[in-house]
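Here the structure comes first, spelled out in structure tokens, and everything after it is commentary.
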Amino acid sequence: MKKIYSLAAGLFFITGGSTYAQSMSEYFDTLAVGSYMGVNNTEWTTWSGTTGGAEDVQVSDAEANSGTKSIYFNSSTAGGGPQDVVVPFGGEHNTGHFNFNSNFLVAANRGAYFNFQANNTVGQLWSFNCQMHNNGSITFDDGASIWLTTTYPQGSWFNIEIDVDLNTNSWEILIDGVSQGTFQAVVGQIASIDIYPVNSANGGNGLSTFYMDDFNYTVTPFALPAENGAVSYIEGVPRVVGASVAPTVTVRNLGTNTITSFDLEVDYNGNQITENITGVSIPSMGEMDVDFSNSIPLVAGAMNVTATISNVNGNATDGNPADDSKFVSVNPITPAAGKMVVGEEGTGTWCGWCPRGTVMMDRMEKYYSELWAGIAVHNGDPMVYDEYDAGIGSLIGGYPSGLVDRKPEVDPGVFEAEFLDRVTVAPNAFITNGAEYDAATGFLKISVTADFQNTVSGQWKLACVITEDSLYGTSASWAQANYYSGGGEGEMGGYELLPDPVPASQMVYDHVARVILPDFNGHENSFPSTNSGESHTVNFTLTADSSWDMDKIHIIGMLIDNTGDIDNAGKATLAEAETNGFVESDEVVASVKELDKGLDIRLYPNPANESATIALPELNQEEVMVTIFDMNGKTIISRNYGILNGTLQLPIHTADLDAGIYSVQIHVGDRQQVEKLIVQ
């Protein structure tokens, strides 16, 4: 018999009680070729709930792993679909044990995808994504961070097994029975699988073709004992040697009695740190985050960071010792001497997905501040610096997006993984920033010195960036669009608890690019061919903007190699740069650079679908003309609005424009501002 569905497949004994497992298997061989799964089996449905049509999946005999039949998914559009098949797992499961496994065949140069939904109602909360790419790589992530990357055999059948201890939120991935690693999910709950043909993430080619056979899942529920504390998440473990582990550990009450006290220990490399928690009240199925006040330094080598709860309510043992401990595996890397990695993020207050970049930039600063220089390059909002925005805009295709050391565009959610790749690459020069600042005049002199460790040739260049933290405003343009509001897109550093948009009064912006000198590409004549052991300095001078809080700025000197990538960087506060000392050089980029504040025109939303809006500043009887060019320089739209007065908003109808990148040229009197517009 090829189809098995059981609510009483076997009796499982668990400390504190017993319960029945729930399972379902489908092998497809008894089903008619061409028939729809939503019609064959009431346990199968679609995203919309409509079965037997384009959204449903059909049985095929073209390929099979066992027997003669399987199900077939195919899409040739970047957005995927229209197939979108859902199989519920019989409820929302966040305790007990869950196992899923199925066989897949992904066609050559194609991709495949499925995810786990956390709630019974699909579309509210994702817990897990599995993305099989056309290059043979497979990633497991939550949409913000990649947890595990490995490979799969293209063009042949293979098995994916996902084994989850939901009590401790410990997930293991096996391919063809071989463990690929373990991780913890931000959302430790499972309700259904969503199978969708798409292949556009992380460089996918937009083509998805795959077969699926031998579908199986089993849920083993957990009966709560009276007293039971569990560890479900360990946060705050950086991944470089020398960084300190001062984690935040999530404790769950998986008993029926309220937890009022417990001890929590973290063990790493034979060292332990402990927190003794009293005077709390964690209800049954509630949880609590414990921030450790002490830390343990990371050392080289693969080891586990293990958190253990004990002494729950003063008891020597609790009702289920199996979930008292949890570990995460760490194998920290050793950064190259003198290395600092630069992350440039394209963002904007109008961009509803950009909180993802904000959360990751803050994480990188928290854990890797001595090795990472984060720069938030704003677009179409009050923090835009046009010159920088245009530069990064030429290298990215949408928002949020980013560059790590000017390597190819990536999603900010993978900044940490990209950083870990780059931080081990030995730089060709060490970078030191010096400064002199006259607070009375605002005159700022910066020296960026490159001490070369290797001989280089060709056009290597220096650039200087100033960023500022703690920016805020009061107008609506400072409010942050937030598509994570409500939690439907998963947890996102607390943004899931905030409204859309987040009011300006609740927003503070960090890492904001204020200026880049001399421009995005760096100073053309920074130095000639350079030998190892030589030192070269370039001076950058400007009059600081009176609105800057000089205690909140960072000076970032960057060495750009002859391919346009960033070889290395140095980062310093103004006080640190003054302590380093200003180094006088004959190579001065500018005697004084007054910051170009542009016209303070905003273009939003960007990217746009149906329409975009040009928000003009206060006008005083000034002529306004708008011209839109495509990437070939062809005029698409040109309109003279005549003499205008006051604060105005001009609509741009983009629904009839082809998807792509356009240049929007806005003339106000004898002044001009150019913005890039992305139409999706």
What accessible area per residue, rounded to a whole number of Å², is obtained for the chain using a probe radius of 1.4 Å?
40
Ranking 337, 412, 447 by how far each Cα lies towards the positive end of the charge dipole of the chain (+1 on Lys and Arg Cβ, -1 on Asp and Glu Cβ), the top one is 412
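Classify the stretch 231-355 from the C-alpha gyration tensor, please: rounded if a/c falls under 1.5, else prolate or oblate depending on whether a/b exceeds b/c. Could the numbers behind the result be given before it?
Numbers: a/c = 2.83, a/b = 1.50, b/c = 1.88.
Oblate, because a/c is 1.5 or more while a/b does not exceed b/c.
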DSSP-loop GluC sites (Glu not before Pro) across the stretch 281-390, with at most 12 other Cβ within 10 angstrom:
370
For a test of the definition: using alpha carbon positions, the gyration tensor, and the 1.5 limit on a/c, classify the stretch 319-386 as rounded, prolate or oblate.
oblate
log10 I(q)/I(0) for the stretch 297-433, Debye formula on C-alpha points only (no solvent), q = 0.08, 0.15, 0.16, 0.18 Å⁻¹, two decimals, reads -0.33, -0.81, -0.87, -1.00
The stretch 393-438-the stretch 179-234 distance, computed between alpha-carbon centres (Å)
31
Suppose every K and R has +1 on its Cβ and every D and E has -1 on its Cβ; what is the size of the dipole of the stretch 53-141 about the Cα centre, in Debye to the nearest 20?
160
List the residues, sorted by chain then number, that are 5 or more residues from residue 372 or on another chain and whose placed amide H is less than 5 Å from its amide H.
341
By the gyration tensor of its Cα atoms, with a ≥ b ≥ c the square roots of the eigenvalues, what is the shape of the stretch 154-249: rounded for a/c under 1.5, prolate for a/b over b/c, or oblate?
oblate
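Can you give the relative contact order of the stretch 364-515 as a percent, counting alpha carbon pairs under 8 Å and 6+ residues apart? It would help to have the intermediate numbers written out before the result.
Values: 198 pairs, mean separation 35.3, N = 152.
Here the relative contact order equals 23 percent.
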Alpha carbons only, please: Rg and Dmax for the stretch 55-119, in angstrom.
14.2, 39
Mean separation of Cα contacts under 8 Å (6+ apart) over length of the chain, as relative contact order %:
10
Inter-part distance where the stretch 310-351 and the stretch 652-668 are each reduced to a Cα centre, Å:
44
Compactness summary of the chain: radius of gyration and Dmax from Cα atoms, Å, are 28.0, 86
What is the packing order of peptides 549-560, 300-311, taking the mean over residues of other C-beta atoms within 10 Å and listing the highest first?
549-560, 300-311
Once neighbouring chains are kept in place and the probe is 1.4 Å, which whole percent of the accessible area of the stretch 347-466 is contributed by carbon and sulfur?
51
In sequence order, what are the phi-derived ³J(HN,Hα) couplings for the stretch 56-64 according to the Karplus relation 6.51 cos²θ - 1.76 cosθ + 1.60 with θ = phi - 60°, rounded to whole Hz, with x for glycine and proline?
7, 10, 9, 6, 10, 10, 6, 9, 7
Under the Karplus relation 6.51 cos²θ - 1.76 cosθ + 1.60, θ = phi - 60°, what is the ordered set of whole-Hz ³J(HN,Hα) values for the stretch 557-570, x standing for Gly and Pro?
x, 10, 9, 9, 7, 6, 9, x, 7, 8, 7, 6, 8, x
Could you give the radius of gyration (one decimal) and Dmax (whole number) of the Cα atoms in the stretch 272-339, in Å?
16.2, 51
Sort out for me the Cα centre separation of the stretch 484-532 from the stretch 94-112, rounded to whole Å.
35
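The values are calculated or read from the model by the stated rules, or taken from the named source; none is laboratory data. Treat the numbers as computed from the prediction; the structure is a model and nothing was measured. Neighbour counts are summed over all protein chains in view; Cβ atoms, including those assigned to glycine, are modelled from backbone coordinates with ideal geometry. Only protein heavy atoms, including side chains, enter the accessible area calculation; ligands, DNA and RNA are left aside. Shrake-Rupley method; radii C 1.70, N 1.55, O 1.52, S 1.80 Å.
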